[in-house]
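A short write-up of the structure that comes next.
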Amino acid sequence: KAGVTQTPRYLIKTRGQQVTLSCSPISGHRSVSWYQQTPGQGLQFLFEYFSETQRNKGNFPGRFSGRQFSNSRSEMNVSTLELGDSALYLCASRADPGGGSPLHFGNGTRLTVT
Amino acid sequence: GEDVEQSLFLSVREGDSSVINCTYTDSSSTYLYWYKQEPGAGLQLLTYIFSNMDMKQDQRLTVLLNKKDKHLSLRIADTQTGDSAIYFCAESMGIYNQGGKLIFGQGTELSVKP
């Protein structure tokens, strides 16, 4: 089974621009979560989607948004980019939103904002 | 509040056992996870334990959970140079709407010397 696939692997954007990151979950997984990883703040939860609905949201500004499609694929969008948004963005999928289903992560998208 | 603490560095000799420790604060955590991150990669799920268990063994990995002290450890037997990586401990509420939200520790960088 293919793992979680994230595209693109690397992105360079300028302050003020917006960016869209894409995630394809493991086949059969219906829940997708997004995390931001930075050296200063570590790994922080952004949001989780299941059945095209946001189930939970972390403590990030409204510039960070996401969506999930009927095939469980997910995208996240960051608008009006700031230098502090430079990070590794990780997508994770799991079979269902129940507690016993562990998260499986992709290799991430490395975003650099200049 | 939710908080997970890990020591930042651990250095061992090849062939020795490694023990990585983690403490968490939320007594309602139901699942606890160990992930491994190699340079330039995402998070690899190593193992996880339900809070009503006190031990889980999986090949070279042994997880011990002391729920009273909110202490989790990961023991790697016969540590190899390929085990050099950053290891993250994470906790999850495990209930329906929170299961995709993991609280991560800062990560322990394991260095294995030949």
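A compact table of results
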item: Residue selected from segment B:1-35 under the condition among the hydrophobic types (A, V, I, L, M, F, W, C) and more than 11 Å from the chain's Cα centre (by Cα), by the criterion nearest to B:Lys113 (Cα to Cα); result: B:Val12
item: Qualifying residue in segment A:83-105 (condition: farther than 20 Å from A:Leu11 by Cα, facing another protein chain (nearest Cβ under 9 Å), over 11 Å from the mean Cα position of the chain (by Cα) and among the polar types (S, T, N, Q)); result: yes
item: Hits in segment A:68-80 (condition: part of a strand (DSSP E or B) and either surrounded by fewer than 17 Cβ atoms within 10 Å (Cβ to Cβ) or among the charged types (D, E, K, R) (or both)); result: A:Glu75, A:Asn77
item: The lone exception for B:Asp78 - which of (1) touching a residue at least 12 places away in the same chain (Cβ under 8 Å); (2) within 15 Å of the chain's Cα centre (by Cα); (3) surrounded by fewer than 18 Cβ atoms within 10 Å (Cβ to Cβ) it fails; result: (2)
item: Residue count for segment B:83-106, restricted to those that are away from every other protein chain (no Cβ under 11 Å) and at pLDDT below 95; result: 1
item: Residue that is surrounded by the most Cβ atoms within 10 Å (Cβ to Cβ) [pool: residues in segment B:25-58 that are at the interface with chain A (Cβ under 8 Å from one of its Cβ atoms), in contact (Cβ under 8 Å) with a residue 24 or more places away in the chain and under 17 Å from B:Tyr87 (Cα atoms)]; result: B:Leu43
item: Boolean, B:Gly100 is surrounded by fewer than 17 Cβ atoms within 10 Å (Cβ to Cβ) and either of a type in the set (Val, Ile, Thr) or assigned to a loop (DSSP other than H, G, I, E, B) (or both); result: no
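The values are calculated or read from the model by the stated rules, or taken from the named source; none is laboratory data. All figures in this text were calculated on a predicted structure; none of them were measured in a lab. A quick note on method: Cβ atoms are made from the backbone with ideal geometry, for glycine too, and the neighbour counts reach across all protein chains shown.
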